[in-house]
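Below is one structure, written out as structure tokens; comments come after it.
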Amino acid sequence: MQSNTPHIGISLYDFTTGIRDIISDANLSAWVFGEVKNYKYSRHAYFSLIQSQEGTNTPIASLQCAVWGYCFDSVIGRFQDEAGVEMKDGLKVLVHLTVSFHQAYGMTATVDAIDASYTLGEYELKRKQTIAQLLSEGYMDLQQQLELPRVVRSIAIISANTAAGYGDFMDQLKANSITANCNCQLYPAIMQGVSAPESIVKALNSILSDLEEMVAEYDAVIIIRGGGSKQDLACFDDYTLATYIATFPLPIITGIGHEQDTSVADMVAYKRVKTPTAAAEFIIEHNSALYLLIDDLKRRLESQVTSIMYNFNSRISKQRQALAYIASGAVERQKTNVNTLRRNLHSLSDVAIQMERQRLNARRQQLEALDPQRIVNRGYTMTLSSSGSLISSIDDVKDGETITTLVRDGRLTSIVKK
């Protein structure tokens, strides 16, 4: 049976005071590691420190923590400077907690220090595990087996469309005459935080889809971001993203951090440069190599042509000299032959003239012997018809024709009568 005797109680204040005294006497403070959840900052910073069951996301312990405003810079600010990461959800941290209890506000776990080396160690351990897995599976050198074309004419760019790094890349690329006409297509993606790997993979799939459907044709892919804290760049250590980059069919150039930051994505990429501007300079230098090669070939060709022309002109000059010598000798020989012929011709012409003179004299003597006047001079006569032909028969003349008779001292004219 239930007793009707009233319970004797104490006030809540007395009860909570007892809890305060117990906790205070216990001096509850320790270094505790866990994962940051629900981080918020206003005047003070608040977050939950949780521990999940190994291999799952099921919490097995949780504690509300606070960093008071008066020590925010010395605790949170110092941690962010030393770790190079921003305090946010998902960080693995080692914090120094002091537990206190206030009658009005309840229990509080105050964080007065955070060990930055622990967080860095967690990231580095995970990063090393990712690199080891990629090495064992043969992903690290796949991109190195690809080749950039002699001239990069078309580029797919993965970046945030409002990022300053994207603008720097485009300004540098378009300012150079060698790459001013290069076709560039942006595939926007989230470039930091837990959503970044999935977003970048989605952009890579979009590029691959455009290539397969022949919507676009690219020579290379460039992933640019423009630096940030180590935590900001931690997304580029993602295993899945690294495998997508390693197995992509086009060379991928990364410009996602500063000189001291080398991500896993950088390691598996075809080429890693330190900044977006350096990525543009790499493309410019790569394309310039062909122009330099052409200039070198041009200079070598000009040198060879000059040498060939010099040798040709030298041979021509020697041949000209030899020809001039041969021609001079031939001319001299021809002159000698002409002089000989001239002398022979003179000699022959003199003989021919002499013979022709003798022949003419003989003919003249013959003609003189046949001259009718000589016959007439010897006492004979000759009668010529009106046409001047010699009359040797009566039939050579006609009745009434005038004829001429040649005698030694003149001529006689007669009229024929038959």
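The values are calculated or read from the model by the stated rules, or taken from the named source; none is laboratory data. All values reported here derive from a predicted model rather than from experimental measurement. Here Cβ is always computed from backbone atoms with ideal geometry, including for glycine, and neighbour counts include all displayed protein chains. Protein only, heavy atoms only, side chains kept; ligands, DNA and RNA dropped before computing areas. Shrake-Rupley method; radii C 1.70, N 1.55, O 1.52, S 1.80 Å.
Just checking, how many residues over the stretch 70-105 are assigned to a loop (DSSP other than H, G, I, E, B) and at negative phi?
9
Is it the case that some residue within the stretch 6-15 is of a type in the set (Gly, Ala, Ser), modelled with pLDDT of 80 or more and either surrounded by 15 or more Cβ atoms within 10 Å (Cβ to Cβ) or more than 58 Å from the chain's Cα centre (by Cα) (or both)?
No, every residue in the stretch 6-15 fails to be of a type in the set (Gly, Ala, Ser), modelled with pLDDT of 80 or more and either surrounded by 15 or more Cβ atoms within 10 Å (Cβ to Cβ) or more than 58 Å from the chain's Cα centre (by Cα) (or both).
Which condition breaks for Glu82 when tested against (1) under 23 Å from Val194 (Cβ atoms); (2) touching an Asp or Glu at 6+ places or on another chain (Cβ under 8 Å)?
Result: Glu82 passes all but (2).
Scanning for something β-branched (Val, Ile, Thr), under 17 Å from Val36 (Cα atoms) and either touching a Ser or Thr at 6+ places or on another chain (Cβ under 8 Å) or surrounded by 13 or more Cβ atoms within 10 Å (Cβ to Cβ) (or both), does the stretch 123-145 turn up at least one residue?
no
Check whether at least one residue in the stretch 49-59 is more than 18 Å from Thr119 (Cα to Cα), in a strand (DSSP E or B), in contact (Cβ under 8 Å) with a residue 60 or more places away in the chain and open to solvent by less than 70 Å² (accessible area, probe 1.4 Å), and report yes or no.
Looking through the stretch 49-59, none of the residues is more than 18 Å from Thr119 (Cα to Cα), in a strand (DSSP E or B), in contact (Cβ under 8 Å) with a residue 60 or more places away in the chain and open to solvent by less than 70 Å² (accessible area, probe 1.4 Å).
Listed here are the residues, each with its yes/no results for (1) assigned to a helix (DSSP H, G or I); (2) surrounded by 11 or more Cβ atoms within 10 Å (Cβ to Cβ); (3) in contact (Cβ under 8 Å) with a residue 60 or more places away in the chain; (4) not acidic (Asp, Glu).
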site	(1), (2), (3), (4)
Ile353	yes, no, no, yes
Glu368	yes, no, no, no
Ile375	yes, yes, no, yes
Thr405	no, yes, no, yes
Leu412	no, yes, no, yes
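Any residue at all in the stretch 229-245 that is under 19 Å from Gly165 (Cβ atoms), at pLDDT below 90 and basic (Lys, Arg)?
Yes, there is a match, as at least one residue in the stretch 229-245 is under 19 Å from Gly165 (Cβ atoms), at pLDDT below 90 and basic (Lys, Arg).
Does the stretch 339-348 include one or more residues that are in contact with a Lys or Arg (Cβ under 8 Å, 6 or more places away or on another chain), open to solvent by 60 Å² or more (accessible area, probe 1.4 Å) and more than 30 Å from Asp219 (Cα to Cα)?
No, that holds for no residue.
Out of (1) outside any helix (DSSP H, G or I); (2) more than 29 Å from Thr254 (Cβ to Cβ), what's the single condition that is false for Lys274?
Checking Lys274 against (1) outside any helix (DSSP H, G or I); (2) more than 29 Å from Thr254 (Cβ to Cβ), the one that fails is (2).
Which of the residues belonging to the stretch 102-112 are open to solvent by 30 Å² or more (accessible area, probe 1.4 Å), modelled with pLDDT of 80 or more and of a type outside the set (Val, Ile, Thr)?
Scanning the stretch 102-112 gives Met107, Asp112.
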